[in-house]
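The structure appears below as structure tokens.
The values are calculated or read from the model by the stated rules, or taken from the named source; none is laboratory data. What you are looking at is a predicted structure, and each value in this text was computed from that prediction instead of being measured. As a convention, Cβ positions derive from the backbone with ideal geometry for all residues, glycine included, and neighbour counts pool all protein chains shown. These accessible areas exclude ligands, DNA and RNA; they are computed on the full protein's heavy atoms, side chains included. Shrake-Rupley method; radii C 1.70, N 1.55, O 1.52, S 1.80 Å.
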Amino acid sequence: MAEPDRKPGLGQWAREYSHLLSQSGLDRESVINEALQPSVGACSGLFSLAQCLEQPSLLLGQVAIDYPIAGPRAVRAFVSVLQQDLALNVIAPLTLRLFRDGHAPLPDAKRIFLAPAHDQTQTVSRWFQVPGGERVDEETFVRSAGALTAGWYPAFRQQLGVSPGAYWSSIGLGLGAPFSAVWNRAEPQALCQLAQGWLEQFQNDANQFIDWIPAVFGEQTTAIPQRKGCCLKYLLPEGGYCGTCGVHRKERLAALTPQQRTTAPGQWQPGR
């Protein structure tokens, strides 16, 4: 595991992650295979992320079609949760594959598509990336994914109204997926240190809006990513509060030391 006063170099993060897991009796490949969702068959796409970034009104128009009773506040919430879906269902699997295999495709806006909604409340599992694309190593993934997500930000912020905290904390959850996969299974202090250091490598703002903290979940000390922004999911039908939300728990978190911070059992699932 990385010493407290140094961080792994690029190309070494998966190795350090594997070492962290092995110290807790875990196997990297098994853990990541478990975390990766089964591949869904080919799905039709309404439009690509590249088209959405060039013409953000496409996404606003689709939200209006899919959720016609939504008011302006709810529309903003739908878009914010869809951006979180982009991070959790596209970026997260790619990052998991990078940590498992040592290489993975980049998130490619031209290969990422929005699937049709199945009902009037569904806002998750809609963005998907079609298979294929060049696989890159860890160093290239970090450099390119950091630049790509920074390049997507202006459209989501300025035209679609997603707040900085919501956007970057969701991106941080996607990039931190390998660590969320073992949030309650690996040594918490070391996991938090490695996860935070990993996010710092991307040279975007994701690290500024996620704090990995040791926390007590029930009677077990764990590690959780605490957002510094709200995805607004609670505003939607059947929404509720995300366990990673820092906005609605910041007063409690500020009052407690890292060793004392607590999370009520049953209220947190990685990334949701």
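Output the helices (runs of 4 or more DSSP H) that fall wholly within the range 1-105 and possess 3 or more residues being at pLDDT 95 or above, or say none. Reasoning before the result, please.
On the way: elements: 13-23, 28-35, 49-54, 57-66, 72-86, 92-101.
Passing ranges, in order: 13-23, 28-35, 49-54, 57-66, 92-101.
Which residue is most open to solvent (accessible area, probe 1.4 Å), if the candidates are limited to the range 154-169 and must be free of Cβ contacts under 8 Å to residues at least 24 places away in the same chain and not basic (K, R)?
Step one: list which residues in the range 154-169 are free of Cβ contacts under 8 Å to residues at least 24 places away in the same chain, which gives 154, 157-158.
Okay, now just the ones that are also not basic (K, R), so 154, 158.
Working: P154: 51, Q158: 134 Å².
Among them, the one singled out is Q158.
Go through the range 70-116 and count every residue that is over 24 Å from S44 (Cα atoms), charged (D, E, K, R) and without any contact (Cβ under 8 Å) to a residue 40 or more places away in the chain.
Total meeting the criteria: 1.
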